[in-house]
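Undergrad: Sharing a structure with you now.
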Amino acid sequence: MASLADGGRFSANAGSRAGLPSALHPALETMSRDELAALQLQRLRTVLHNAFANVPWQRRRMQAAGMHPEAVADLDDLRHLPFMVKTDLRDHYPFGLFARPVDALARVHASSGTTGRPTVVGYTGGDLSRWADLMARSMSGAGVKRGDLVHNAYGYGLFTGGLGAHCGAERLGCPVVPISGGGTERQVALLMDFGASVLCATPSYALAIAEVAEHMGVDLRQSRLRVGMFGAEPWSAAMRHDIESRLGLRAYDVYGLSEIMGPGVACECECRNGLHGWEDHFLFELVDPETGAPVADGEAGELVITTLTKEALPMLRYRTRDITRLTHQRCDCGRTHLRILRVTGRNDDMLIIRGVNVYPSQIEAVLVGRPGLSPHYQLVIERRGSLDHLRIEVEAVPGLDPAAFDAIAREAVHHVKSMIGVSAEVAVMVPGSLPRSQGKAARVRDLRQEPTACA
Ligand code: DLL
């Protein structure tokens, strides 16, 4: 069993266990549930001790909960501790929840957030090494191999996507094209010229690349692309299908968040039947967003994560706001780590339209793939009188006769109503009329909260 000190560090030359050739850390990825629980308990004590000793705010919380790291006898004891939320980090801006002084850190990232102060996160050298290992493990499970050329179109900078994917690829032994987001025509040209076999990007930016390539008359299906590592935002099965057919690759869902680490907290394996959450480094809980009570396997709830090996910023029971379902059933691939069944949206993204709860990804799942409609859409919500009004703006596929727009829109209205239960106006738009993202797509314009001109 690997110790916390090495964090499950592996050698890129380590042999794989027969039958699970894509496992980078075969012993860790297939350990029994009992072994995993024992490792988690040992690491939980260490991380609690770290937080207790080095973060006064965490120590006070543990003391208030009558909890001492030495006295933790099993994993359930963690439930005595209240949840952490994003504002806890903001309230201690910038480094108040760090367990290491700044001069002991190796790197700092931050997420911008739409309002107020950014959320700042920090890593020791050991944290960065474990992150690279987990991202390499994720990529390997998705079929990326040592020597694959990785075109990394995640944004570099404070966002964890760029450097997270970069260091994971390098750790796996892959050369990286660190192109970042933007300059899409150049991206298309370099994909063809360099012959990358792996594309890392948000799913919406992958689609933007596909679209620009089509405009340039370049067929990316003829490129060497084989694997796509897509994440950082919710995306539907229909969108996966669209991306795969236009880019000629196999698309994998990768999940993560900066507060916990960055990309590589969980990732799909070749079975693509849920994302393996790496339980040797994280403790996952699923709770009812209203009551905080545990939610059973298969039911929807909010993901709560505790970091088990983070030195610089231990996070204990962090409410991610991400809504998903979990399964502990063993995957066909042989990995024993639980699976997160696709993150369908964030609690914060949930729209309440005339009393009906709606996630943008639900609307995407209904619309994308319907004849005549492209995956480029935006939801505009406004108040008309005392009623909410949802307008779905979705682009037609290129080449469609505008005379057909109205009929397609009427059909879409019907499908949204019957499958989601909400009445919406659907506007089919000319291709290219909606903004394209270079990172996370902005799907919602909620005008209900915007001040009026005189306010
Ligand atoms: O988005 C880290 C990341 C980079 C993940 C690249 C995957 C690939 P943040 O900017 O902190 O970090 O945003 C985290 O993005 O809480 C989810 O709401 C959302 N998210 C991330 N991955 C997925 C995914 C990065 N695969 C927030 N599916 C998370 C759905 C995702 N939502």
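Undergrad: Going through 324, 320 one at a time, which residue ends up being free of Cβ contacts under 8 Å to residues at least 40 places away in the same chain and polar (S, T, N, Q)?
TA: Result: 324 is the single residue among 324, 320 that is free of Cβ contacts under 8 Å to residues at least 40 places away in the same chain and polar (S, T, N, Q).
Undergrad: Okay, moving on. Quick test for you: out of 381, 420, pick the one residue that is within 14 Å of residue 353 (Cβ to Cβ), in contact with a helix residue (DSSP H, G or I) (Cβ under 6 Å, 6 or more places away or on another chain) and modelled with pLDDT under 95.
TA: Answer to the selection: 420.
Undergrad: Sort out for me the helices (runs of 4 or more DSSP H) sitting completely within region 71-172 that have 2 or more residues that are open to solvent by less than 10 Å² (accessible area, probe 1.4 Å).
TA: In region 71-172, the matching helices (runs of 4 or more DSSP H) lie at 125-141, 160-172.
Undergrad: What are the residues in region 15-45 that are free of Cβ contacts under 8 Å to residues at least 60 places away in the same chain, of a type outside the set (A, V, I, L, M, F, W, C) and open to solvent by 30 Å² or more (accessible area, probe 1.4 Å), if any?
TA: Matches in region 15-45: 15, 16, 17, 21, 34, 35, 42, 45.
Undergrad: Follow-up question, since we're still on this one. Would you pick out the residues in region 44-80 that are farther than 16 Å from residue 318 by Cβ and of a type in the set (D, E, K, R)?
TA: Hits for region 44-80 are 45, 59, 60, 70, 74, 76, 77.
Undergrad: Let me ask something else about it. Could you tell me whether any residue of region 344-365 is more than 20 Å from residue 418 (Cβ to Cβ) and either among the small types (Gly, Ala, Ser) or modelled with pLDDT of 90 or more (or both)?
TA: Among the residues of region 344-365, at least one is more than 20 Å from residue 418 (Cβ to Cβ) and either among the small types (Gly, Ala, Ser) or modelled with pLDDT of 90 or more (or both), which makes the answer yes.
Undergrad: I would also like to ask the following. Since residue 334 meets every condition but one in (1) outside any strand (DSSP E or B); (2) in contact (Cβ under 8 Å) with a residue 60 or more places away in the chain; (3) within 15 Å of the ligand (Cβ to nearest atom); (4) of a type outside the set (A, V, I, L, M, F, W, C), which condition does it not meet?
TA: So residue 334 meets the others, but not (3).
Rundown of residues vs (1) closer than 30 Å to residue 319 by Cα; (2) of a type in the set (Gly, Ala, Ser), yes/no style:
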| residue | (1), (2) |
| --- | --- |
| 369 | no, yes |
| 378 | yes, no |
| 383 | no, no |
| 402 | no, no |
| 411 | no, no |
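Undergrad: Kindly check whether there is at least one residue in region 184-201 that is in a loop (DSSP other than H, G, I, E, B) and either within 11 Å of the ligand (Cβ to nearest atom) or surrounded by fewer than 16 Cβ atoms within 10 Å (Cβ to Cβ) (or both).
TA: No, region 184-201 contains no residue that is in a loop (DSSP other than H, G, I, E, B) and either within 11 Å of the ligand (Cβ to nearest atom) or surrounded by fewer than 16 Cβ atoms within 10 Å (Cβ to Cβ) (or both).
The values are calculated or read from the model by the stated rules, or taken from the named source; none is laboratory data. Being a predicted model, the structure only gives us computed values, none of them experimental. Note that each Cβ is placed from the backbone with ideal geometry, even for glycine, and that neighbours are counted across all protein chains shown. Accessible surface areas use protein heavy atoms only, side chains included; no ligands, DNA or RNA. Shrake-Rupley method; radii C 1.70, N 1.55, O 1.52, S 1.80 Å.
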